[in-house]
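This report refers to the structure that appears directly beneath it.
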Amino acid sequence: MSRFSDRLYQSAREIWAQCHEHPFLKELREGTLDPERFIYYLKQDYVYLIDYAKLFAMASMKSRDLETMTKFAELLHSTLHVEMSLHRDYAARFGVTREELEQTIPAPTTVAYTKYLLDTASQGSLAEVVAALLPCMWSYREIGFAFATIPGALDHPLYREWIMMYSSEEFGALTDWTIEMMDRLAEGLPEQELDRLEERFLTASKLEYMFWDMAYRKEEWPI
């Protein structure tokens, strides 16, 4: 019997494939990405992660057992103290302070993505929250794993730590747990609710693509 996560993966395959082939990620894995684009990405992703971390707090609150609450709390801690620490370390190389990171003005796409996630967290079920937050974790794991297999990718002096983070066993284990949680939450739901979860997943996947595109263009507010 196929898992609901298999259905989600198949529905998002084309979107994720386009992410992999976006110039931002192509140049990052080749080591040719303009550092200014990477700095822009770091700053926008940092303020994105502040709101993304809130999803894990909301998921913990919506959980009905202590084990699940604890795991979402672990994901919250990992985002705040591991993933965001990587961003702070990278920013320091370019003379960007933690305060400057936190004061980054979110670009239009960042606002659209985080608002969608937070609206889902405030109004939706736990299953909807997981469906919305999962594309970020899962697609990054896919990207990190793929990049780590490319000869020379881990030798780049600037981008190797980024690839190592998202190809790590620790990040992979947290992603796998979240995928399994998605399957457990979807089990036995009527098709109408499954369609809603799939819609959440696909919308977040499209916003992932838009985020890479935003970073490559260094998107700014028009006025």
Computed magnitude of the charge dipole of the chain (debye, nearest 20; Cβ of K, R +1, Cβ of D, E -1): 240 debye
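Keeping to pairs on different chains or 8 or more places apart, tell me how many lysine pairs in the chain have Cα atoms under 13 Å apart.
Close lysine pairs under the 13 Å cut-off: 4.
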Go through the stretch 48-128 and name the trypsin sites (Lys or Arg not before Pro) that are in a DSSP coil and have 12 or fewer other Cβ atoms within 10 Å of their Cβ. Arg64
Ratio of the stretch 18-167's C-alpha Rg to 2.2 N^0.38 Å, to two decimals? 1.08
Along the chain, longest interval not containing exposed GluC sites (Glu not before Pro), exposed being DSSP loop plus at most 11 other Cβ atoms within 10 Å: 22-186
In whole Hz and in residue order, list the ³J(HN,Hα) couplings for the stretch 162-169 that follow from phi through the Karplus curve 6.51 cos²θ - 1.76 cosθ + 1.60, θ = phi - 60°; x for Gly and Pro. 4, 5, 5, 4, 8, 9, 6, 5
What number, rounded to the nearest 500 deg cm²/dmol, is the helix-based mean residue ellipticity at 222 nm of the chain, given -39500 (n - 2.57) per DSSP H run of at least four residues and division by all its residues? -25500 deg cm²/dmol
Dipole of the stretch 105-223, Cα-centred, from +1 at each Lys and Arg C-beta and -1 at each Asp and Glu C-beta, to the nearest 20 debye? 440 debye
Shape category assigned to the stretch 88-222 from the gyration tensor of Cα positions, a/c cut at 1.5: oblate
Could you derive backbone 3J(HN,Hα) for the stretch 116-130 from the dihedral phi with the Karplus parameters 6.51, -1.76 and 1.60 (θ = phi - 60°), listing whole Hz in sequence and x where the residue is Gly or Pro? 4, 5, 5, 5, 4, 5, 7, 10, x, 6, 4, 4, 5, 4, 5
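Rule-based calculations on the coordinates, nothing more; no lab input. Since the structure is predicted, the reported quantities are computational estimates derived from the model, not experimental observations. Glycine gets a Cβ as well: all are built from the backbone with ideal geometry, and neighbour counts include every protein chain shown.
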